[in-house]
Amino acid sequence: MAEVNRHTRLQRLTDSGFEMKSDDPDIRGWVVKDGEARLVGKVDELIFDMHDQKVRYIVVDLQTNDFNIPGRQVLVPIGIAEIHESDDDVLLPGITHSQLVALPEYDKERFDTEHESNVFNVFGGLGAAALSGGSSHDREFYQHEQFNDNNLYRKRRSRD
């Protein structure tokens with residue numbers, strides 16, 4: 001039954017046939033830190049929107065972290081992350097311990113719109129009631145600031 005809700009528009013970047021733009025760094029493998037430079041984990045993968053040709057999520061591996069959170073993979077919306085201005089690190093400046101704990105485990109075989117809604121709500125989304133009128137496949141879902149991919153590069157590009 002989970003197959004009914006499986007995404008067709010979102011794929012792991014590795015499996016999509018697409019590559020990062022030449023002027024954007026490929027952040028896979030980079031360390032992820034919070035706003036106080038505490039280790040959150042490592043970027044394992046990027047989730048790519050085949051329709052809009054944009055990265056929507058970072059798959060963060062929490063296996064090694066400074067929060068004593070059990071190791072697992074979680075999704076972080078791309079608009080929440082920033083690339084450090086000089087180091088090859090990904091920063092999650094506003095993330096809290098409770099948000100990291102609340103994030104559902106990412107499983108590429110079971111990734112569906114319900115999972116996406118749960119992630120969205122952890123970061124202060126509109127709530128389940130607001131999302132019930134439409135699917136996260138709808139473009140309006142990705143208009144939220146959580147998915148603003150310009151946030152990722154703003155510090156790195158501002159130094160040029």
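Readers should treat all values here as calculations from the given coordinates under stated rules, not as data from a laboratory. Predicted model only: the values in this text are computed from it and were never measured. Neighbour counts run over all protein chains shown; Cβ positions are idealised from the backbone, glycine included.
Convert each backbone phi in region 62-68 into a coupling constant with the Karplus relation 6.51 cos²θ - 1.76 cosθ + 1.60 (shift: θ = phi - 60°), then list the ³J(HN,Hα) values in order as whole Hz, x for Gly and Pro.
Each residue of region 62-68 in turn: 8, 3, 10, 8, 8, 10, 6 Hz.
Any chance you could tell me what percent of the C-alpha pair distances in region 10-158 go past 27 Å? Before the final figure, lay out each step's value.
Details: 1769 of 11026 pairs.
Of all Cα-Cα distances in region 10-158, 16 percent exceed 27 Å.
Glu105 versus Arg154, label points 7 Å from Cα toward the beta carbon: distance in nm?
Between Glu105 and Arg154, the label points sit 3.4 nm apart.
Given R₀ = 41 Å, what would the calculated FRET efficiency be for Asn68 paired with Gln143, taking r from the Cβ atoms and rounding to 0.05? Walk me through the numbers on the way to the answer.
Numbers: r = 36 Å, r/R0 = 0.87.
My answer for the efficiency is 0.70.
Rounding to the nearest 20 debye, state how big the charge dipole of region 10-158 is about its Cα centre with +1 on each Lys and Arg Cβ and -1 on each Asp and Glu Cβ.
On the way: 16 positive and 28 negative charges, 36 e Å.
In total the dipole reaches around 180 debye.
How much of the pair distance distribution for region 41-86 lies past 12 Å, counting alpha-carbon pairs only, in percent? Don't skip to the answer; put the middle values down first.
Values: 665 of 1035 pairs.
When every Cα pair of region 41-86 is considered, 64 percent fall beyond 12 Å.
What are the radius of gyration and Dmax of region 61-114, computed over its Cα atoms and given in Å?
Just the Cα atoms of region 61-114 yield Rg and Dmax of 12.3, 36 Å.
Where the centre of each part is set by its Cα atoms, how far does region 74-104 sit from region 35-70, in angstrom?
7
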